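Before any comments, here is the structure.
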Amino acid sequence: VRVYQGIFDLEQTGEVNKETWYSLVRIYVSVKRLAELNSEGLKLADVAKQYPQPLSVGSRGSNVRVMQFFLSYVAAFNDFIPTVAIDGIFGEKTRDAVIAFQKNYNLEPTGIVDEQTWNRLYLGYRAIESQIPIDVAYPITMVYPGSPLKQGMSGESVRAIQEYLTFIALYFRAIPAVTPTGYFGPNTTNAVRRFQNEFGLKIDGIVGEETWDEITDVYADLKAEELRRSDQAPTYTLTREE
């Protein structure tokens, strides 16, 4: 825990306090991107076993996406490697991240993903992935989609935020519940505005990154507290009297 706290600029207490817990959860979520690859029908293990060809600036396609996934996974746990977008395009930022990886793993810093770099990336990914639990005893929320959500939009991110707000509404009467339809309508705008007012945020009815983080944090806190209460609740064995 102390090593982790040192890497991520947290107070090195050796205790998993609230700040450390949130950091752990956010990093855990940030590397759970298998769905992005699986949605294209890629089988990660099968692809990883077959080194494609040297990848460098200008390369495109699914092999670049897989490589960027490995690189992002390792970067989430190593400050010396910059994160990259998993977009299948080998640009300058991807090259810089590859060079940083190669330097820190004692490889020739060419910026080209040759077979040795590919294999080392995969081994680095597997070493980290094998230590991450499949299930955690804390609510995991979606990562901010990258752009603000507002009235007229639709999708899974909208549905998620509606579900979080509806759960929060059970504890805060000033916040109305909304039906998780996946469509951002007037009722969702109103619920967002009421949430923003309740928690001292800019009241615009738009779910930007700050509002997203606050909604997901409040939801996770309340959900975790509910789980703790249910774990601590006494149990009784009921028997029928003869």
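The values are calculated or read from the model by the stated rules, or taken from the named source; none is laboratory data. This one's a predicted model, so the numbers in the text were calculated from it and none came from an experiment. All Cβ positions, even for glycine, are placed from backbone atoms using ideal geometry, and neighbour counts span all protein chains on display. Surface areas here come from the heavy atoms of the whole protein model, side chains and all, with no ligands, DNA or RNA. Shrake-Rupley method; radii C 1.70, N 1.55, O 1.52, S 1.80 Å.
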### Task
Select from segment 77-92 the residues that are under 17 Å from G146 (Cα atoms) and surrounded by 16 or more Cβ atoms within 10 Å (Cβ to Cβ) and list them in ascending order.
V84, I86
### Query
If the Cβ limit is 8 Å and pairs must be 6+ apart or interchain, which residue in segment 157-174 that is among the basic types (K, R) pairs with which residue that is assigned to a loop (DSSP other than H, G, I, E, B)?
R159/P180; R159/T181; R159/G182
### Task
Within segment 90-101, identify whether any single residue is more than 26 Å from Y4 (Cβ to Cβ), in contact with a Phe, Trp or Tyr (Cβ under 8 Å, 6 or more places away or on another chain) and small (G, A, S), and answer yes or no.
no
### Query
Scanning segment 1-15 for residues that are touching a helix residue (DSSP H, G or I) at 6+ places or on another chain (Cβ under 8 Å) and of a type outside the set (S, T, Y), which turns out least open to solvent (accessible area, probe 1.4 Å)?
Q5
### Message
So G182 ticks every box in (1) surrounded by 14 or more Cβ atoms within 10 Å (Cβ to Cβ); (2) at negative phi; (3) touching a helix residue (DSSP H, G or I) at 6+ places or on another chain (Cβ under 9 Å) but one. Which box is left unticked?
### Response
(2)
#### Entry: Y236, sole failed condition from (1) among the aromatic types (F, W, Y); (2) at pLDDT 90 or above; (3) part of a loop (DSSP other than H, G, I, E, B)
(2)
### Task
Quickly run through segment 76-124 and pick out the residues that are touching a residue at least 24 places away in the same chain (Cβ under 8 Å) and of a type in the set (G, A, S).
A76, G88, G91, A97, G111, G124
### Task
Give just the number: which of (1) among the hydrophobic types (A, V, I, L, M, F, W, C); (2) more than 21 Å from V143 (Cβ to Cβ); (3) not in a loop (DSSP other than H, G, I, E, B) does F80 not satisfy?
(3)
### Task
Considering (1) free of Cβ contacts under 8 Å to residues at least 24 places away in the same chain; (2) part of a loop (DSSP other than H, G, I, E, B); (3) touching a strand residue (DSSP E or B) at 6+ places or on another chain (Cβ under 9 Å), say which one G152 fails and leave the rest.
(1)
### Query
Quick one: which of V47, V98, V66 is at pLDDT 90 or above and farther than 30 Å from Y219 by Cβ?
V98
